[in-house]
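To keep things clear, I will list the structure first and then write my remarks on it.
The values are calculated or read from the model by the stated rules, or taken from the named source; none is laboratory data. Here the structure is a predicted model, which is why all the values come from computation and not from measurement. All Cβ positions, glycine included, derive from the backbone under ideal geometry; neighbour counts span all protein chains shown.
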Amino acid sequence: MDLTVNELTSASSLNNNSKTLVTDMEKSNEMQLKFDDDDDDEKKSSASSESVIMTSMIRGYQLSQVLYVAAKLGIADILACHNRMKIDELSKLTDTHTPSLEHLLRALVHVNVFRVDEDGYYYSTSLSKLLEMNSSRSSVLTWVQPCFWQTWGSLLNSIKTGKSSFENLYGVDFYQYSGQNPNINSTFNECMASGPRHKQFVKIYDGFSNANCVVDIGGGIGRLLMNLLTKHKHLRGILYDLPHVINTINLQHLDKSVAERFTIIGGDMFTDIPIDGDIYIISNILMDLNDEKAQILLHNCRQAMKNGKRLLIVDVIMSSSIDVSTNELWKEISYLHMLVVHHGKFRTQLEFQTLLENQNFKLNRIIPIMNSLVYVGSILECIAT
């Protein structure tokens with residue numbers, strides 16, 4: 001069939017449009033293929049990143065042990081003292097196998113705990129200073145010590161039973177065990193004394209002006225009470241803890257005016273409590289106890305206190321629901337630690353109120369404790385009623 005000029009023009013136009021459409025489709029397909037390739041690359045990259053994250057979590061326990069061994073050997077203190085040192089010198093000072101120690105330090109170089117130069121000299125970093133004797137070294141030596149390490153190996157048992165695995169492994173609770181092991185006792189008490197909750201508590205609590213006597217129940221080596229008496233010159237303080245804990249306390253370094261106001265009493269908080277204090281402090285204690293033991297301790301406190309006197313509980317308050325917008329992983333991990341080691345737990349505000357009301361305490365106010373804008377605990381101010 002012959003086509004007219006108009007038809008030819010229309011056909012030509014249609015043909016040109018078709019060519020343009022085909023060209024556009026080809027370009028579109030090329031772009032789509034590129035996008036698909038990009039998507040594949042992104043998916044591969046995402047999968048790779050997720051794999052790295054998962055592997056880091058799975059093998060995180062190995063890095064914890066590497067840090068523990070470095071702290072136990074005192075590597076950070078040696079480097080701080082000598083400025084820099086080669087591996088053979090470090091090996092000689094720490095009585096270790098040189099090639100093995102080198103791989104330990106190289107692992108820590110990768111996470112910026114130490115630094116090594118091209119000549120093989122190892123140096124301290126800002127992170128390694130946290131492993132030094134007078135810093136948070138006790139924290140590493142406490143949380144990764146063998147008895148905690150082995151107890152966490154029985155976490156599955158605690159999840160199934162809701163009970164501590166520590167006593168199953170060692171036959172006694174942790175505090176009895178630490179009483180039988182002086183090194184563990186010393187390291188643990190130092191770790192508890194150096195925590196951020198205590199330091200911030202001394203700074204922010206404003207209720208000591210009308211008090212004369214403060215009783216720190218389970219106060220460990222007395223660091224919190226010493227700091228309170230140093231800041232508040234009018235206060236007298238009573239430190240009350242187990243005999244094996246208070247036997248390690250040395251008051252020789254204290255200012256005379258503080259030492260004269262500092263009294264140490266040994267005893268068992270589950271049996272009785274020193275009487276007639278104006279303010280009683282229970283810091284980092286209730287989290288270690290199940291509800292039954294917590295009730296006994298609060299009952300003993302109330303028996304020792306007159307109406308209107310104050311009980312200050314320093315602890316962590318758990319949210320009643322998960323807030324994914326905030327990083328509360330440390331709370332959940334710490335909760336599991338309280339469970340597997342002590343058969344204790346963190347509590348919600350409602351759970352605290354129930355415990356307190358059962359023992360004739362009124363929850364007066366809650367003061368959040370922040371450290372560098374991060375929540376680390378709360379002060380629960382309670383009134384004996």
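Of the residues I296, I273, I281, which single one is touching a Phe, Trp or Tyr at 6+ places or on another chain (Cβ under 8 Å), buried (at least 21 other Cβ atoms within 10 Å of the Cβ), modelled with pLDDT of 95 or more and among the hydrophobic types (A, V, I, L, M, F, W, C)?
After ruling out the rest, the residue left standing is I273.
Kindly indicate whether any position in the range 153-161 is closer than 21 Å to N112 by Cα and not in a helix (DSSP H, G or I).
The answer is no, given that none of the residues of the range 153-161 is closer than 21 Å to N112 by Cα and not in a helix (DSSP H, G or I).
Taking the stated definitions as given, is L311 within 22 Å of S209 (Cβ to Cβ), without any contact (Cβ under 8 Å) to a residue 40 or more places away in the chain and among the aliphatic types (A, V, I, L, M)?
So L311 does not fit the description; no.
Being of a type in the set (F, W, Y) and outside any loop (DSSP other than H, G, I, E, B) is the filter; apply it to the range 239-287 and report the residue that is farthest from F352 (Cα to Cα).
Filtering the range 239-287 for residues that are of a type in the set (F, W, Y) and outside any loop (DSSP other than H, G, I, E, B), the one farthest from F352 (Cα to Cα) comes out as F262.
Please work out if D88 is more than 30 Å from G195 (Cβ to Cβ) and either among the β-branched types (V, I, T) or in a helix (DSSP H, G or I) (or both).
So D88 passes the test.
State whether one or more residues within the range 363-381 are over 30 Å from G171 (Cα atoms) and among the aromatic types (F, W, Y).
Checking the range 363-381: at least one residue is over 30 Å from G171 (Cα atoms) and among the aromatic types (F, W, Y).
Going through S320, S372, S378 one at a time, which residue ends up being exposed (fewer than 13 other Cβ atoms within 10 Å of the Cβ), at negative phi and polar (S, T, N, Q)?
Exactly one of S320, S372, S378 is exposed (fewer than 13 other Cβ atoms within 10 Å of the Cβ), at negative phi and polar (S, T, N, Q), namely S320.
Residue by residue through the range 177-195, note down the ones that are loosely packed, with under 15 Cβ neighbours inside 10 Å and either hydrophobic (A, V, I, L, M, F, W, C) or over 14 Å from L242 (Cβ atoms) (or both).
If the condition is that a residue be loosely packed, with under 15 Cβ neighbours inside 10 Å and either hydrophobic (A, V, I, L, M, F, W, C) or over 14 Å from L242 (Cβ atoms) (or both), then N183 is the only one that fits.
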